[in-house]
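Contents: one structure, followed by commentary.
The values are calculated or read from the model by the stated rules, or taken from the named source; none is laboratory data. Predicted, not measured: the structure shown is a model, and the values here were computed from it. Here the Cβ positions follow ideal geometry from the backbone for every residue, glycine too, while neighbour counts run over all protein chains shown. In case anyone asks, the SASA skips ligands and DNA or RNA and just uses the protein heavy atoms, side chains included. Shrake-Rupley method; radii C 1.70, N 1.55, O 1.52, S 1.80 Å.
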Amino acid sequence: MEDSSPAFGPTGVEQVLHSALPETRSTLMITSAGKRMGLSSQEIQELIAPAEMRVARLSVSSGRRVLNFWCVVALHNMACGPYKGGVRLAGDVDIYETLELARLMTLKCAVTGTEFGGGKTGIRVDWPAIYALHGKDCVRDRDRGFELDITLALMERYAARFRPLFERHEYIPAPDMGTSPDHMAMIFNVTRDPASVTGKPQNVQGWLPGRREATGWGISRATTRLWQKQGREPKDCTFAVQGFGNVGSYAASFIAREGARMVAVTDILGGVYDPAGLDVEGLREYTLETGSVAGFPGAAPMELDQIYDVECDVFLPAAIGGCITDRTVPRLRCGAIVEGANMPVAASGVAPLHERGIPVIPDIIANSGGVVASMEEFSKALSAAAIEREVVLDSVTNRIETAVERAEALALEHGVSLVEAATELAIRRVYDAMRVRRFI
Ligand code: NAD
C-alpha cells in the first residue's frame, strides 16, 4: 500500500530550522535502505533526524582580545550506545555538515557492532580572520604555537561548557580534523574522568596503545582482504593515496609492508608519482620534515587533480569528502576504492561506480578502526585494565572483516552496492534498538 505519512511527521525538524534537512549521501542511502526494509517514510525520517542539536558561542581570551567561536554539537542517535564522534575545528563548519558527520558515526558504530551511537562536534575556526585580528597574515606569519595556544584554550572552554554531557558519558568526544590527542587531554583535565573522552595522549590515564594507527590499520586490512578475495598477492598490486595525514600515511605504510606498491600520493600542497613504487617510509620521514609529500626526491611531480587518473588496483581517498562525483567517476582507472576519508564518494558517485563495476569498501566499515579502538579505550578507562596494542589491532581486524563479509552477502542478495548494503545493515540494528526502546 502507498505510504502517505508526512515526510517528517511529529519530528518537525523543518519547522524548527525553518528549512528541510538537506539531501546528502547518508540520507539517500538510509532512505533507499529503509524502503527495502519496508519502513514508512516517517520511520525513515526518524532515523535521519538528530535527537538533539546544540549550538553555543565559546569565548577565548587571546592577549587583550576576546575570540568568539560558534560550536555545534550534533547528537544524532543513542539507541545503541552513547553518542560518539570527533571534534572538528575548521573554517567551513556548519550545522548540516556536523549533523551529516554525526549520522555517519551512528551508521559506522552500528555496522561494526560497536557499542556507541553517533555524535559530532564542529567548531568554526577561521584562521585568516584570527591572524588578521592580530595584525598578521595566516600564510606569511603562520605560527603553530600561536594556533595551539588558542585551540587548547578553546578546548578547555568547550569541555567546561558541555561538561555534564561528557561526565555522564552521554557524548564521548575524540579527535577529528584540526584536533589531536593534546586537545583531548584538555577535555580530560576538565572532567578528570578518563572514560569521558577517547584519543587521549600516550601515558595519560586511560590512553590506548594502537589508537593512533588504528584507522590506517583497519583500512589496510580491508584492502588486503579485497585482494585476497580476488585471488591476488599484494606484491602484484598497486595503490594510490589522496591525503597523507594520519589516515593516509598509516594505511599506506601497512599496505606497503604487505608488498604492494604505492604509485601516487597527494596532499594539500602537491603530489608525487612513480609507477615503479614510491618509498612509503621515506615519504613519511620526508613529510615530517617538510610538511608535504611535494618535491620528494626521485619521484615525478603530480597535480592534485591528477590523482583520479592514476591507473592502480586500489584508490584510497584519505583527505576530503565529496570528491568522487558523477563527473570524476568516468576518469577513474582504479580497480576498487577503499574509502579512508568520510564520504569521499559523493551521493552522485555511488550509482555510476556500481554501474562501472568498481567496488567501494564504504567508509563506515573501512575507516572504522578509530572508533573500534575508541571502544577499547573507553572500556579500558572504565576498568583500568591494561590492554596490548596487538589486542586492539586484532579487534579492529575482526570487526572490519565481519562487517565486510555481511555487507557483501547482503549486496549480492539485493543486487545493490556495498555502500547501500552496509547502510542497510547499520540501520537494521539502529531501527531494532529504537523500536525496543520506544523511540520510534
Ligand atoms: P589529517 O589532517 O591528518 O590529514 C589530512 C591529509 O589530507 C593531509 O595530508 C592534507 O594535506 C591532505 N589534504 C587535504 N586536502 C587535500 C586535497 N584537496 N587533496 C589532497 N590532499 C588533501 O587528517 P586524517 O586524520 O588523516 O583524516 C583524513 C580524513 O579521514 C578526514 O576526512 C577524517 O574525517 C577522516 N577520518 C579520520 C579518522 C582518524 O582516525 N583520523 C577516522 C575516520 C575518518
Sort out which residues of the stretch 342-357 are open to solvent by 10 Å² or more (accessible area, probe 1.4 Å) and closer than 26 Å to residue 275 by Cβ, and write them in order of number. 356, 357
Just to verify a result, which residue in the stretch 306-325, among those that are touching a helix residue (DSSP H, G or I) at 6+ places or on another chain (Cβ under 9 Å) and of a type in the set (A, V, I, L, M, F, W, C), is farthest from the ligand (Cβ to nearest atom)? 314
Testing residue 167 on (1) away from the ligand (no atom under 16 Å from the Cβ); (2) buried (at least 16 other Cβ atoms within 10 Å of the Cβ); (3) among the charged types (D, E, K, R), one condition comes back false. Which one is that? (2)
Give the stretch 224-237 a look and list any residue that's more than 18 Å from residue 366 (Cα to Cα) and either touching a strand residue (DSSP E or B) at 6+ places or on another chain (Cβ under 9 Å) or crowded, with 20+ Cβ neighbours inside 10 Å (or both), or say none. 232, 235, 236, 237
Output for the stretch 15-45, where each listed residue is of a type in the set (A, V, I, L, M, F, W, C) and modelled with pLDDT under 85: 16, 17, 20, 21
Among the listed residues 102, 132, 74, 110, identify the single one that is among the small types (Gly, Ala, Ser) and in contact (Cβ under 8 Å) with a residue 60 or more places away in the chain. 110
Quick one: what pairs do we get from the stretch 267-295, first residue farther than 23 Å from residue 321 by Cβ, second assigned to a helix (DSSP H, G or I), C-beta under 7 Å, 6+ apart or different chains? 280/252; 280/253; 280/256; 281/253; 284/249; 284/253
Step by step: first the residues of the stretch 245-263, then only those that are within 11 Å of the ligand (Cβ to nearest atom) and free of Cβ contacts under 8 Å to residues at least 60 places away in the same chain, then the one that is most open to solvent (accessible area, probe 1.4 Å). Which residue is that? 246
Using the structure shown, decide if residue 272 is over 22 Å from residue 367 (Cα atoms), within 13 Å of the ligand (Cβ to nearest atom) and touching a Phe, Trp or Tyr at 6+ places or on another chain (Cβ under 8 Å). yes
Can you find even one residue in the stretch 325-337 that is of a type in the set (A, V, I, L, M, F, W, C), at pLDDT 95 or above and under 16 Å from residue 244 (Cβ atoms)? no
It is to be established whether one or more residues within the stretch 372-390 are in contact with a strand residue (DSSP E or B) (Cβ under 6 Å, 6 or more places away or on another chain), assigned to a helix (DSSP H, G or I) and of a type in the set (A, V, I, L, M, F, W, C). no
Residue 55 vs. criteria surrounded by fewer than 21 Cβ atoms within 10 Å (Cβ to Cβ), in contact (Cβ under 8 Å) with a residue 24 or more places away in the chain and β-branched (Val, Ile, Thr): yes
Which one is least open to solvent (accessible area, probe 1.4 Å), of the residues in the stretch 326-341 that are part of a loop (DSSP other than H, G, I, E, B) and away from the ligand (no atom under 14 Å from the Cβ)? 332
Can you tell me how many residues within the stretch 394-417 are crowded, with 16+ Cβ neighbours inside 10 Å and either β-branched (Val, Ile, Thr) or over 18 Å from the mean Cα position of the chain (by Cα) (or both)? 12
Report every pair of residues separated by at least 6 positions or lying on different chains whose Cβ atoms are under 6 Å apart, first residue within the stretch 349-369 and within 11 Å of the ligand (Cβ to nearest atom), second assigned to a strand (DSSP E or B). 366/338
Restrict the check to the stretch 297-305 and report whether at least one residue is within 15 Å of the ligand (Cβ to nearest atom), touching a residue at least 24 places away in the same chain (Cβ under 8 Å), in a loop (DSSP other than H, G, I, E, B) and surrounded by fewer than 16 Cβ atoms within 10 Å (Cβ to Cβ). yes
Matching residues in the stretch 163-178 - criterion: being modelled with pLDDT of 95 or more and either in contact with a helix residue (DSSP H, G or I) (Cβ under 9 Å, 6 or more places away or on another chain) or outside the structural domain of residue 117 (by TED's automatic domain parsing) (or both): 163, 166, 167, 169, 170, 171, 172, 173, 174
Take the residues in the stretch 100-151 that are open to solvent by 40 Å² or more (accessible area, probe 1.4 Å) and hydrophobic (A, V, I, L, M, F, W, C), then tell me which one is modelled with the lowest pLDDT. 139
Residues that are more than 24 Å from residue 234 (Cβ to Cβ) and surrounded by fewer than 16 Cβ atoms within 10 Å (Cβ to Cβ), drawn from the stretch 274-296: 288, 289, 290, 291, 295
Residue list for the stretch 113-130, restricted to those being touching a Gly at 6+ places or on another chain (Cβ under 9 Å) and either assigned to a loop (DSSP other than H, G, I, E, B) or closer than 17 Å to residue 74 by Cα (or both): 114, 115, 116, 117, 118, 119, 120, 121, 123, 124, 125, 126
